Amino acid sequence: MRRPTPSPAEESASRRIVGAFLVSAAGAVGFAVTYGLGGDTRWEGVCLAVAFAGLAVGLAVWARRLVPVGGYVEEHEGFTPPPAEQAMTAAEFAAPDSPTRRYGLLAALGFALTALGVAALFPLRSLLPWDRVRPPRALKDTPWGAGVRLVDGTGRPLRPDDVPAETMVAVFPEGDPDAGDAPAFAVRLDPERFSRPPAGGHLGGLVVWSMLCTHAGCPVRLYLKGTGRVLCPCHQSSFDLLAGARAVAGPAARPLPGLPIEVGPDGFLRATGDFTAPPGAGFWSRP
Amino acid sequence: MIMDRLARALDDRLRLSPVTRRALAKVFPDHWSFMLGELALYSFVALILTGVYLTFFFDASSADRVYQGSYAPLDGSTTSAAYASVVRLSWDVRAGLLIRQTHHWASLVFLAAIVLHLARIFFTGAFRKPRELNWLIGVTMLTLALANGFTGYSMPDDLLSGLGLRIITSVVESIPLVGTWLAALALGGEFPSDAMIPRMFVTHVLLVPAVLVALISLHLGILVRQKHTQFPGPGRTEHNVVGSRLWPSYTLRSLALFAWVLAVLFALGGLAQINPVWLYGPFEPAQSTSPAQPDWYVAWGDGALRLFPPWEFRIGGYLVPAPFFPGVVLGGLAFLALYLWPFAERLRTRDRRQHHLLDRPRDHPVRIGVGVAALTFFAVLVVAAGDDVLARLLGVPVYDLLYLFRILVLALPILTGAVAFLTARALRRGEAASLGDLTRADLRRAGRPSRRPSRRDDEPETPAPDRPGERIELWPEGEVWRWRYRDEARRLVLTANRVAVSEEEAVEAARLAYPGVDRVVVPGPPAPSPPGPVRAALRRWGRAAAAGSLLVAALVERRRDRRRQRDGDEGDPREKADAAPRGGEPR
């Protein structure tokens, strides 16, 4: 119990609280000044942190030292309602003219509401793309096709000599470099070392595969030189390019789809068709 | 004075005092673990405050935009408007980076606070009847928080978040039958579609926050209606709540916590760099970064995707791809288990009674065993999401770590769960008060099979028999009545949280809180409640102010007199001499 006149402890608590609030105000001013001087993320953060920490300390000391803590009890009326009250409420619903007893009308109302609810679902169709391509179909088709030339990241068409040995070159379909499912990579390998031929064939060791991992669709950008393997940075799936891009480690289960290529009459590389399988992650109707 | 009059004016019109009187006196239990939910609440408030500021600068569009600003490496390059606006916000808007980083940190803290709060509720059995509804709401809010965290993380359209979005899209596409349609419905086309950033934006800033606000209100409303749970202790029963009052104690403490949350978040936002999207670069379908780790709260999913073996199969020619099991089934089962737990536990224990007293975690060895095993499982998955970073740090092949984690994720939860189960049983059956006091005999006994789960630690339905030395004291105080609970044996006194307007009300409250305890009316106030220091200070200032205003009034009066006299004859020197001593009088 507290005496009417503040005790020395209370006086010192009051002084600490005032001090903390003054520090808080200083922090706020510091923030405004920092902002006005051009802003520095670190100092702005520190000033705001000081401002709020000052508030917090002041309020916490106030709550601990100057107001009663603990020692109160509140009754709990429990959640079993009085039986009479429960019965009366139930009677309201069971009265002869209660709408809940008109079963026929309720059924009709239910029918109308269900119809409305179902009708309200139809506009959801508008959220689907309107290009009339069913999503599974869209996943199977890519911009690649017979005669589409291979270009590099800058849009320059590639000749066979542009793909050096022991490195991977990202290639894109000409005219559609931003398509999500089109990225592929070209590598030059020694055909003697193939333990299994590439699915899309090769041009004297030059092979093109889809760049999208067959696990979750990340680009397999890490080429482990010498081993003929590529690695996906997302979940560490690894594919053996010398064995038909078979998945050899990690969570991927299917090989990378290959891209059949040829050298066109203009001397540039071009595809002779789409990937040998839908690129990227698997889905229900994937062949 | 003004506050008092304003309060009276409002009460005269709205009749708020009956509600306010009870609301201000609401008792909160004094235990730190009850603040975890508040931590989540205040992180959410911080998220809204910082998030609204960010919306003024974020351009939710995937249209091409040329970034021109002070980040030189990207100056003049064409990126999506979303990415360009985030880089501009980070480099060219004053305080923009601070607010953006604080927002991101707040989301991490928000999710962490929710998970800790959930664990507290779980291990203490606070989800039992009548609080199942609030458990369901809470679990729903966790899913919404995860969804909002992920959309927020993906919106800047940087390379790292683009990879994350691509992975999630692949996970959704793996759902049998409807996966590809669901993904297309969400993204408005094949990944990466032009519609996905605007859609994520609307989901992130409007849909999910609106539902969260509604559910938080409901969560708190139900909490106030049902009142707090509390740990067992002297004077604490199934029929009362013991602790401190909302006013003034918890008002101050809660505001202090809010300020702490903001202080820590702004310190993190200012000093600890997070998600530097300008370093990751804009999203491009053929680019990837390494290492690539998501925010911690989705890392369990990423870890599961890494650890799950390359198993996939076909049903009637249709493919069920590998990400389906770690990505969809695991998360689905985890949340299904969370939703169903209160009902499953009730089915097992056949306990249909109301519970307002919490369990100590040791009281339910099965619950703590399952909980610890689940937490361990997800913790291993979170660590596994960094296996490539760990491999580089430790200098071991990443696939060795992968196999190690595949074993750990199955073995470690069984081990920790069993240890938790046995420890809880040993603590419950033996005499040991804490972990350090456990003897070997306790542990040996814990290994033996038990009979039916004992009920001895549950509060019986009927009120406890009157213990000697326990009594309720009531006394009148002018018009109103007060009461308090006294336990002589334990030297414990608990004061009623509010005054009663009549003796009947006081008796009723005391009867509810301590059924079966004798009530005595004691004469006179046992201890006059002294004014608090604030009130004393206010009174002192009030006196000073009164004296001051008297002085001012007197001076004004004198002046008017003097003017009147000056109108009549010229001034009187006596007045100056009169006024001088008054000036020095008060204080």
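What to note about this one:
- Taking (1) under 47 Å from the mean Cα position of the chain (by Cα); (2) under 29 Å from B:Trp247 (Cα atoms); (3) more than 9 Å from chain B (Cβ to nearest Cβ) in turn, A:Val33 satisfies each apart from (2).
- Count - residues of the stretch A:59-73 that are facing chain B (nearest Cβ under 8 Å) and touching a helix residue (DSSP H, G or I) at 6+ places or on another chain (Cβ under 7 Å): 9
- Sole exception among (1) touching a Gly at 6+ places or on another chain (Cβ under 6 Å); (2) farther than 18 Å from B:Ala292 by Cα; (3) among the aliphatic types (A, V, I, L, M) for B:Ala344, by number: (1)
- Looking only at residues of the stretch B:471-522 that are part of a strand (DSSP E or B) and in contact (Cβ under 8 Å) with a residue 60 or more places away in the chain, we find that the one that is surrounded by the most Cβ atoms within 10 Å (Cβ to Cβ) is B:Leu494.
- For the stretch B:271-373, the helices (runs of 4 or more DSSP H) that sit wholly inside it and include 2 or more residues that are touching a helix residue (DSSP H, G or I) at 6+ places or on another chain (Cβ under 7 Å), farther than 30 Å from A:Trp43 by Cα and small (Gly, Ala, Ser) are B:296-307.
- Here A:Val148, A:Val133, A:Val171 are screened, and the one residue that is over 23 Å from the mean Cα position of the chain (by Cα) and not assigned by TED's automatic domain parsing to the domain that holds A:Thr272 is A:Val133.
- From the list A:Thr5, A:Thr34, A:Thr80, the lone residue that is loosely packed, with under 11 Cβ neighbours inside 10 Å, farther than 21 Å from B:Val261 by Cβ and among the β-branched types (Val, Ile, Thr) is A:Thr80.
- Flag if A:Arg134 is charged (D, E, K, R), away from chain B (no Cβ under 14 Å), out of contact with any Cys (no Cβ under 9 Å at 6 or more places or on another chain) and surrounded by 10 or more Cβ atoms within 10 Å (Cβ to Cβ): no
- Qualifying residue in the stretch B:79-89 (condition: more than 21 Å from A:Asp40 (Cβ to Cβ), in contact with a strand residue (DSSP E or B) (Cβ under 7 Å, 6 or more places away or on another chain) and outside any helix (DSSP H, G or I)): yes
- Which listed residue is crowded, with 19+ Cβ neighbours inside 10 Å and either outside the structural domain of B:Trp296 (by TED's automatic domain parsing) or touching a His at 6+ places or on another chain (Cβ under 8 Å) (or both), from B:Arg100, B:Arg128: B:Arg128
- Counted residues, the stretch B:393-440 - those being free of Cβ contacts under 8 Å to residues at least 12 places away in the same chain, over 20 Å from B:Val372 (Cα atoms) and either touching a strand residue (DSSP E or B) at 6+ places or on another chain (Cβ under 8 Å) or in a helix (DSSP H, G or I) (or both): 9
- Failed condition for B:Phe313, given (1) surrounded by fewer than 19 Cβ atoms within 10 Å (Cβ to Cβ); (2) in contact (Cβ under 8 Å) with a residue 40 or more places away in the chain; (3) of a type in the set (Phe, Trp, Tyr): (2)
- Evaluating B:Thr140 against the criteria (1) in contact with a helix residue (DSSP H, G or I) (Cβ under 6 Å, 6 or more places away or on another chain); (2) assigned to a helix (DSSP H, G or I); (3) touching a residue at least 40 places away in the same chain (Cβ under 8 Å) leaves one unmet condition, (1).
- Of the criteria (1) among the aliphatic types (A, V, I, L, M); (2) within 14 Å of chain B (Cβ to nearest Cβ); (3) surrounded by 15 or more Cβ atoms within 10 Å (Cβ to Cβ), which one A:Val163 fails: (2)
- Condition met for B:Phe150 (without any contact (Cβ under 8 Å) to a residue 60 or more places away in the chain and under 24 Å from A:Gln236 (Cα atoms)): no
- Taken as a whole, the structure places B:Glu238 among residues that are more than 7 Å from chain A (Cβ to nearest Cβ) and touching a His at 6+ places or on another chain (Cβ under 7 Å).
- Filtering the stretch B:454-495 to residues that are at pLDDT below 85, among the acidic types (Asp, Glu) and under 19 Å from A:Glu74 (Cβ atoms) leaves only B:Glu459.
- Only one entry in B:Val86, B:Val178 is over 20 Å from B:Pro294 (Cα atoms), in the same structural domain as B:Val320 (by TED's automatic domain parsing) and β-branched (Val, Ile, Thr), namely B:Val178.
The values are calculated or read from the model by the stated rules, or taken from the named source; none is laboratory data. Note that the structure is a prediction, hence the values are computed from the model and not measured. As a convention, Cβ positions derive from the backbone with ideal geometry for all residues, glycine included, and neighbour counts pool all protein chains shown.
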